[in-house]
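Here, each number is a calculation from the coordinates, and none is a lab measurement. This structure is a prediction, so every number in the text was calculated from the model and none was measured. No Cβ is skipped: glycine too gets one built from the backbone with ideal geometry, and neighbour counts run over all protein chains shown.
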Amino acid sequence: MDEGERQGMLNIVLFGPPGAGKGTQAQRMMDATGLPQVSTGDMLRAAVKAGTSVGIEAKSYMDKGALVPDSVIIDLIRDRLHDDDAKNGVMFDGFPRTVPQAEALSEIVEVSAVLAIDVPDERIVERICGRYSCGTCGTVYHDTFNPIQNGICGCGSFTEKRRADDVEETVLARLEAYHTQTSPLADFYRAAGIFHHVDGDRDIDVITTDLLAVLG
Ligand SMILES: [Zn+2]
C-alpha cells in the first residue's frame, strides 16, 4: 500500500454509552460511507469456529476463562484490514477499550476519527428504564415515549415483558463502567486531535448528519 492509498482511508472508532443509539448510528454510517464494521468480538468467535491459528490461540485463553491478550486481537485486526472490503477503511466496533489497545492499534492502522455519541446519564436512564416489550411479538414500547395503546399490541395480544437489568441501579452501574473505560481513551484521542463529541440527545437523523459532517 503506498502513501496515496493510505491517505484515502477512513478508519473510524465510534463510542457511545449503552442506550445512546450507537448501533443504529453505526449502521447508518456504514450505509453512507460503505465502510465495513470490524467487530473484534465477532471476529474472535469466527476465528475460533474456523479453527485458524489465531482462533486456536484465542480459544486456549477463553477455555481457561482468561481474557484474550491484546496481541492476539491485534493480529486478527491486522488480517482483517487486508481484506478487499477494508481497502477504503473500516469502522471499529468494541475496540479499542483501553489505552494500551489504542496504542497497539495505532501501530497497525491510522485512526482517522473517533466519534463519541454523548447522552446525559439521566436521559439514558429515562430511555432504558421505561422500556418494555410485547412478550408475544417483541415490539418495544416505552412508559413515556411510546406507551401501548388500550393495552393491546399490534399483534393482537399482549404480555408485558421487562428486562431485569433495565432498572436504574443497573443502568447507572453500566454507565459508570462506560465512563471509567472511555475517559482515558477520550484523553488519548483528544491528544491526537481526532476526538469528536456529537450530541446524541436529539433526533436520530440530525445525529447521523452531524456524525457524517465530522468525517467531512
Ligand atoms: Zn405484540
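The figures follow:
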quantity	calculated
When the convex hull of its Cα atoms is projected in every direction, mean area for segment 17-115 (nm²)	7.0 nm²
Extension reserve of the Glu176-Ile152 stretch, reckoned as 0.36 nm per residue once the Cα distance is removed	5.0 nm
Under Karplus coefficients 6.51, -1.76 and 1.60, residue-wise ³J(HN,Hα) of segment 140-149 in Hz, glycine/proline x	9, 10, 9, 3, 9, 8, 7, x, 5, 9
Full-stretch length increase - Asp42, Asp143 - with 0.36 nm per residue and alpha-carbon distance subtracted	33.0 nm
Binned Cα-Cα distance frequencies in the chain - 10 Å width, integer %	7, 27, 32, 23, 9, 1, 0
Amide H contacts under 5 Å for Val90, placed H, 5+ residues apart	Leu10, Asn11, Ile12
Gaussian network model of the chain, Cα within-10 Å springs - most flexible of Leu67, Leu115, Leu105	Leu67
Theoretical FRET efficiency, 1/(1+(r/R0)^6), r = Cβ-Cβ of His82 and Thr209, R0 30 Å, to 0.05	0.40
Gain upon complete extension [Arg202, Thr52; 0.36 nm per residue less C-alpha separation]	49.7 nm
Whole-number D in µm² s⁻¹ for segment 122-216, Kirkwood Cα-pair radius fed into Stokes-Einstein, 25 °C, 0.890 mPa s	152 µm²/s
Among Gly21, Gly156, Gly55, residue whose mean-square fluctuation peaks in a GNM of the chain (springs only between Cα atoms under 10 Å)	Gly156
Set Lys49/Lys87; Lys64/Lys87; Lys64/Lys161; Lys59/Lys161 screened for pairs whose C-alpha atoms are more than 32 Å apart	Lys64/Lys87; Lys64/Lys161; Lys59/Lys161
Taking the convex hull of Cα positions in segment 70-167, its mean projected area over all directions (nm²)	9.9 nm²
Cβ-based exposure ranking for Cys134, Cys155, in which fewest neighbours within 10 Å come first	Cys155, Cys134
3J(HN,Hα) from dihedral phi, segment 34-44, Karplus parametrisation 6.51/-1.76/1.60, rounded to Hz, x for glycine, proline	x, 7, x, 8, 10, 9, 5, x, 5, 5, 4
Mean ellipticity per residue at 222 nm, deg cm²/dmol - from DSSP H runs of n ≥ 4 across the chain, formula -39500 (n - 2.57)	-15000 deg cm²/dmol
Amide H contacts of Ile148 (H built 1.01 Å from N, under 5 Å, at least 5 apart or other chain)	His142
